[in-house]
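One structure is given below, encoded as structure tokens.
The values are calculated or read from the model by the stated rules, or taken from the named source; none is laboratory data. Being a predicted model, the structure only gives us computed values, none of them experimental. Here the Cβ positions follow ideal geometry from the backbone for every residue, glycine too, while neighbour counts run over all protein chains shown. Surface accessibility is based on the protein's heavy atoms, side chains included, excluding ligands, DNA and RNA. Shrake-Rupley method; radii C 1.70, N 1.55, O 1.52, S 1.80 Å.
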Amino acid sequence: MDLQKIHQILSLYPSLPFQELSSINALGNGLIHDTYRITTADGGYVLQAYNQSVFPFPERIANNLGILIREKVNDQLPFVLPLPLLNLEGKQLTEVEGKSWRIFEFVEGNTLEQITALDQAKNAAFAFAKFSLAGAQLDMAAFQETIPDFHRLDLRYEKFLQEAGKAQNLDEEEQSILLFYVNQKPLIEAYKEFAQKLPVRLTHSDTKINNLIFSKDLSKVEALIDLDTVMPGFLMYDFGDMVRTVACSVPETDTQWEKLCLEEKVFEQLLEGYWSGLKSMATSEEKESLLLAGEVMTCMMGLRFFTDHLMGNVYYRVQYPEQNLHRAKNQMIYLRDLQQKRGTLKALIEQI
């Protein structure tokens, strides 16, 4: 990283103590934005290069995060939302040599790729729920979709069918996986019914466990991060992606098919934490939607992986040619397990 360029960026934030800057180091292993930690005498900041190829509508992100800043949503939360600091021009993005940059306050703590204790699942779900609850009084019409139709299961299914109709010379495994997803039409219809009656809420829209910063001892959530996907959506999306990624026994890239299943105790903790955080706001339809939330998000990702496989791996980065096929198979096995355990999950939801 060019230090001269960094100092040029920092000069546009004169109120921050960058004259006492002690170090600049690469931060994290994110795949989207280049991120650096700036250490100063008073703590530290995060400097991030904005990746417009992944998020082509920076003005939408700025709009949404600007609302959170103006409405002081941070004050309503038991943790921190590291929102972009404003530069001399009052803007979130700083343009230097054709590239956009942002600065956030640094939050001390630990991030997780997978939970190591059940209470982490409960605390994570509670945090994402409290975020949506904090948006209850905000005008959702003022927010914009940062990635249009991001979680539209019906549109993902239509795209899959288009590519499946053009597919040729599929082997037996590919045909089996394709047929499984074709036969998910009842789930697609159930999703469309919910989409007609669920209220639009403030959602994070990427509720993986690594989008939270936990305290050093992992006992509580210190911050909710990666806010570029914050947009209007359904609670079903946020809860469903936690079920998909946190309650699954293995990651979505794992090919140990025999070990792949829903961990019901983790699901129960996610449900308990999520519901306790937003039960004062949620409607009966939203409570009902939690049953299919994990299925909806797992099916959607499976469709996206398989569609990308059919198209020649044009979207998702792969380490070997069949990886998107294997990701789709992973999601297929997990979706099948969720559907087989639907009765058990329904009983848990009725108890809350």
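When the chain is treated as a Gaussian network with alpha carbon springs shorter than 10 Å, the biggest mean-square fluctuation among ALA136, ALA41, ALA223 belongs to ALA41. For region 210-280, the relative contact order comes to 19 percent (Cα pairs under 8 Å, sequence separation of at least 6). The fraction of accessible area contributed by carbon and sulfur in region 74-126 is 49 percent, rounded to a whole number (1.4 Å probe; ligands and nucleic acids excluded). Distance between the modelled labels on LYS185 and LYS341, one decimal in nanometres: 2.9 nm (7 Å Cα→Cβ projection). Short-range pairs are left out: with C-alpha atoms under 8 Å and at least six residues apart, the relative contact order of the chain is 18 percent. In plain terms, the chain is cut at each of the GluC sites (Glu not before Pro) found in a DSSP loop with at most 11 other Cβ atoms within 10 Å, and the longest leftover piece is 114-352.
Taking a straight Cα-Cα cut-off under 15 Å and skipping sequence neighbours fewer than 8 places away in the same chain, the aspartates and glutamates within cross-link reach of LYS197 are GLU189, GLU285, GLU286, GLU288.
Apply 1/(1 + (r/R0)^6) to the Cβ-Cβ distance of SER284 and LEU3, taking R0 = 51 Å, and write down the FRET efficiency to the nearest 0.05. Efficiency for this residue pair is about 0.35. Take the chain with all the other protein chains still there, run a 1.4 Å probe, and you get 47 Å² of accessible area per residue. Length available on full extension from PHE57 to LEU88: 0.36 nm per residue minus the Cα-Cα distance, which gives 8.9 nm. For ILE352 and GLU71, the difference between the fully extended length at 0.36 nm per residue and the C-alpha to C-alpha distance is 98.0 nm. Diffusion of region 229-280 by Stokes-Einstein, at 4 °C in a medium of 1.567 mPa s and with Rh set to the Kirkwood radius over alpha-carbon pairs, works out to 106 µm²/s.
Per-residue surface analysis assigns TYR191 an accessible area of about 0 Å², computed on protein heavy atoms at 1.4 Å probe radius. Lysine pair count for region 206-352 (Cα-Cα distance under 26 Å; residues 8 or more apart in sequence or on different chains): 28.
From the convex hull of the Cα coordinates of region 122-242, what is the mean projected area in square nanometres?
One quarter of the hull surface, i.e. the mean projection, equals 9.9 nm².
One equal scatterer on each Cα of region 243-322, no solvent, Debye formula: the resulting log10 I(q)/I(0) at q = 0.23 Å⁻¹ is -1.12. When Rg and Dmax are taken over the Cα atoms of region 29-111, they come to 13.3, 38 Å.
Modelled spin labels at ASP217 and THR253, positioned 7 Å past Cα toward Cβ, are 3.3 nm from each other. If R₀ is 25 angstrom, what is the calculated FRET efficiency for the pair ASP34 and LEU138, using the beta carbon separation as r and rounding to 0.05? Result of the calculation: an efficiency of 0.20. Computed from Cα positions, the angle between helix 323-340 and the longest principal axis of the chain comes to roughly 60 degrees. Only Cα sites of region 74-139 enter the Debye sum here, all with the same form factor; the resulting log10 I(q)/I(0) across q = 0.13, 0.23, 0.24 1/Å is -0.58, -1.06, -1.09, listed in q order. Computing FRET efficiency as 1/(1 + (r/R0)^6) for THR111 and ALA195, where r is the C-beta to C-beta distance and R0 is 25 Å, gives about 0.20.
By the scheme Lys and Arg +1, Asp and Glu -1, what is the net charge of all other residues having a beta-carbon under 13 Å from that of ASP206? Working shown, then result.
Numbers: positive: LYS208, ARG244; negative: ASP226, ASP228, ASP238, ASP241.
Spelling it out: positives minus negatives among the neighbours equals -2.
In summary, the convex hull built on the alpha carbon positions of region 156-201 has an orientation-averaged projected area of 4.0 nm².
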